[in-house]
Amino acid sequence: MGASQVGGQDQAGSVSVSVEGVVSPHPFLTPAEDFYTVARGNPKPHTLQGQALIDARMTPETWRLEIAPDGFSEPPDIKESAKAEKSLTLADGTALDLPALEKLGETHGVKYLKAMQCLNIAEPLGQGLWEGVPLRDVLRLCGKLENVRRIYYLGFHNHDPKQIFQSSVSYTQAMETPPGELPAFLAYRLNGEPIPPVRGGPVRMIVPWAHGFKSIKWLQQIYLTNDYRTNDTYALKNNDPESYLKTAAYVDDGPESSPAGKPVTIVGRVISGLSGFQRLETFLRTGLKEGDRRLGDDELREATWETADILPPPNWKLVLPEGVASRDLLGFDPKTGDPLSWPTRYGMASWVVTMNGLKPGRYELYARTIDHNGDAQPEPRPMRKAGKNEIQSHRFEVV
Ligand SMILES: Nc1nc2c(c(=O)[nH]1)N[C@H]1C(S)=C(S)[C@@H](COP(=O)(O)O)O[C@H]1N2
Ligand SMILES: [Mo]
């Protein structure tokens, strides 16, 4: 008995399977407060209240962004430091404020969907509709740049150098976007609303192709540097700072036990990473005994996998915020409003698998993705420090 598909999807794009207590649907857009939060700091900046939030410049009125060369040189290799025609600083009153950023957004604004995923966590953090101004258009405020090889940026960190969480992109990545790709940008709206402190507001960097560590929250400073090295906080923690999101399937924690004669429904998600998404596959392992270990990659490669559907695009009118049409989003056809790929580039979709007629016994459902190059998860980048993408499974018993 294999895994078969159910189509149950209500108009809002969430899963609706009417089987007692089995399905925990994921809304297409994760509400701002429901993302899994990954935040450093003591106190964590998003927990600040009242005057402390104002003093941290984390309110829409007090938020400011400084952009300046960092003055770094390291002779003989790095002889000269980065130069900018203009710097934006708090000291001389030129730092960018939110109304000025939003004004820039009137002519240069972009919107797109992005799945947020941590390199070190085996579960997507959420998916948002992010809105803001490409980093390149913000950098243009600084006029002519010289000897700038990387752009690095950091958020509010309680004025304590030990708490700095910073990341970087190369000058080229900031300035150019290949066709079909999405630009790095400074986001000030999430799901049609201002970004709350818990999600990194008022302004957060969003780097679409990367794991979460490039998407710095409570953004306050951008430094232009001639240091060619990735000076990311994550680089110092044994992570690959140039890793891209991986194409991967995720399996929810479903029911552990199910009465015989009732269908068993398992829900999960897929993220379309750097190498794109071709299809989802599932493998139902039968005849398990209590205490059996999970299958390893070598055994799973030889398993009998079956193609399974992911849920189709939702009704955009129902999932997007008021006043936002799908044709306005990057990654969508501006005429038809249909997504150019599914899931969208660096986006996420759900899947639901329902199994009928399972005999009493122990089972394990595994799910994996096949990317556009035909590579099956956890290939082509099984190394954990480039992002977790182990094949996930859910174990259950039919009684
Ligand atoms: N300023 C700041 N930005 C940050 C972090 C942080 O600790 N401080 N954590 C990063 C990491 S490691 C991840 S995975 C994402 C998580 O984003 P989320 O909390 O909105 O889900 O934020 C990133 N941005
Ligand atoms: Mo992370």
Problem set entry | Hits in segment 109-130 - residues which are away from ligand 1 (no atom under 12 Å from the Cβ), in contact (Cβ under 8 Å) with a residue 60 or more places away in the chain and not β-branched (Val, Ile, Thr) | LYS111, TYR112, LEU113, ALA122, LEU129
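So, of the residues in segment 193-226 that are aromatic (Phe, Trp, Tyr) and outside any helix (DSSP H, G or I), which turns out to be nearest to ligand 1 (Cβ to nearest atom)?
So the first thing to find is which residues in segment 193-226 are aromatic (Phe, Trp, Tyr), and the list is 209, 213, 218, 223.
Pick out the ones that are also outside any helix (DSSP H, G or I) and you get 209, 218, 223.
Details: TRP209: 14, TRP218: 5, TYR223: 15 Å.
Top of the filtered list is TRP218.
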Exercise. Of all the residues that make up segment 267-280, how many are over 15 Å from the mean Cα position of the chain (by Cα), buried (at least 21 other Cβ atoms within 10 Å of the Cβ) and farther than 11 Å from TYR250 by Cα?
Worked result: 1
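Has segment 116-124 got at least one residue that is small (Gly, Ala, Ser) and either in contact with a strand residue (DSSP E or B) (Cβ under 6 Å, 6 or more places away or on another chain) or more than 16 Å from ligand 2 (Cβ to nearest atom) (or both)?
First, the residues of segment 116-124 that are small (Gly, Ala, Ser): 122.
Next cut, either in contact with a strand residue (DSSP E or B) (Cβ under 6 Å, 6 or more places away or on another chain) or more than 16 Å from ligand 2 (Cβ to nearest atom) (or both) only: none.
Among the residues of segment 116-124, not one is small (Gly, Ala, Ser) and either in contact with a strand residue (DSSP E or B) (Cβ under 6 Å, 6 or more places away or on another chain) or more than 16 Å from ligand 2 (Cβ to nearest atom) (or both), which makes the answer no.
Is it fair to say LYS359 is of a type outside the set (Asp, Glu), out of contact with any His (no Cβ under 9 Å at 6 or more places or on another chain), in a loop (DSSP other than H, G, I, E, B) and surrounded by fewer than 14 Cβ atoms within 10 Å (Cβ to Cβ)? Walk me through how you get there before you give the answer.
Working: of a type outside the set (Asp, Glu): yes; out of contact with any His (no Cβ under 9 Å at 6 or more places or on another chain): yes; in a loop (DSSP other than H, G, I, E, B): yes; surrounded by fewer than 14 Cβ atoms within 10 Å (Cβ to Cβ): yes.
It is true that LYS359 is of a type outside the set (Asp, Glu), out of contact with any His (no Cβ under 9 Å at 6 or more places or on another chain), in a loop (DSSP other than H, G, I, E, B) and surrounded by fewer than 14 Cβ atoms within 10 Å (Cβ to Cβ).
Among the listed residues PRO183, PRO179, identify the single one that is within 26 Å of SER272 (Cβ to Cβ), without any contact (Cβ under 8 Å) to a residue 12 or more places away in the chain and either small (Gly, Ala, Ser) or not in a helix (DSSP H, G or I) (or both).
Going through PRO183, PRO179 in turn, just one is within 26 Å of SER272 (Cβ to Cβ), without any contact (Cβ under 8 Å) to a residue 12 or more places away in the chain and either small (Gly, Ala, Ser) or not in a helix (DSSP H, G or I) (or both): PRO179.
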Problem set entry | Tally, over segment 250-266, of residues that are assigned to a loop (DSSP other than H, G, I, E, B) and either under 20 Å from the mean Cα position of the chain (by Cα) or within 15 Å of ligand 1 (Cβ to nearest atom) (or both) | 1
For this session: Among the residues of segment 227-249, write down those that are more than 13 Å from ligand 1 (Cβ to nearest atom) and crowded, with 22+ Cβ neighbours inside 10 Å.
Result: LYS246, THR247, ALA248, ALA249
Exercise. Can you pull out the residues in segment 40-64 that are farther than 18 Å from GLN166 by Cα and not in a loop (DSSP other than H, G, I, E, B)?
Worked result: THR47, GLY50, GLN51, ALA52, LEU53, ILE54, ASP55
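With more than 16 Å from ligand 1 (Cβ to nearest atom) and either modelled with pLDDT of 95 or more or in contact with a His (Cβ under 9 Å, 6 or more places away or on another chain) (or both) as the only criterion, which of GLY296, GLY273 stands out? Steps first, answer last, please.
Working: GLY273 fails: more than 16 Å from ligand 1 (Cβ to nearest atom).
Criteria check complete, one pass: GLY296.
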Exercise. Can you name every residue in segment 89-121 that is in a loop (DSSP other than H, G, I, E, B) and either under 18 Å from GLU66 (Cβ atoms) or of a type in the set (Gly, Ala, Ser) (or both)?
Worked result: THR89, LEU90, ALA91, ASP92, GLY93, THR94, ALA95, GLY109
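Of the residues VAL148, VAL133, VAL138, only one is part of a loop (DSSP other than H, G, I, E, B), crowded, with 19+ Cβ neighbours inside 10 Å and away from ligand 1 (no atom under 16 Å from the Cβ); which?
Working: VAL133 fails: part of a loop (DSSP other than H, G, I, E, B); VAL138 fails: part of a loop (DSSP other than H, G, I, E, B).
Residue meeting the stated conditions: VAL148.
Considering only segment 151-170, state which residues are among the small types (Gly, Ala, Ser) and within 11 Å of ligand 1 (Cβ to nearest atom).
So in segment 151-170, the residues among the small types (Gly, Ala, Ser) come out as 155, 167-168, 170.
Within segment 151-170, GLY155, SER167 meet the criteria.
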For this session: Check ALA376, ALA367 and return the single one that is closer than 16 Å to TRP305 by Cα, surrounded by 20 or more Cβ atoms within 10 Å (Cβ to Cβ) and in the same structural domain as ASP252 (by TED's automatic domain parsing).
Result: ALA367
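The values are calculated or read from the model by the stated rules, or taken from the named source; none is laboratory data. Just so we're clear, the structure is a prediction, and the values are computed from it rather than from any experiment. Glycine gets a Cβ as well: all are built from the backbone with ideal geometry, and neighbour counts include every protein chain shown.
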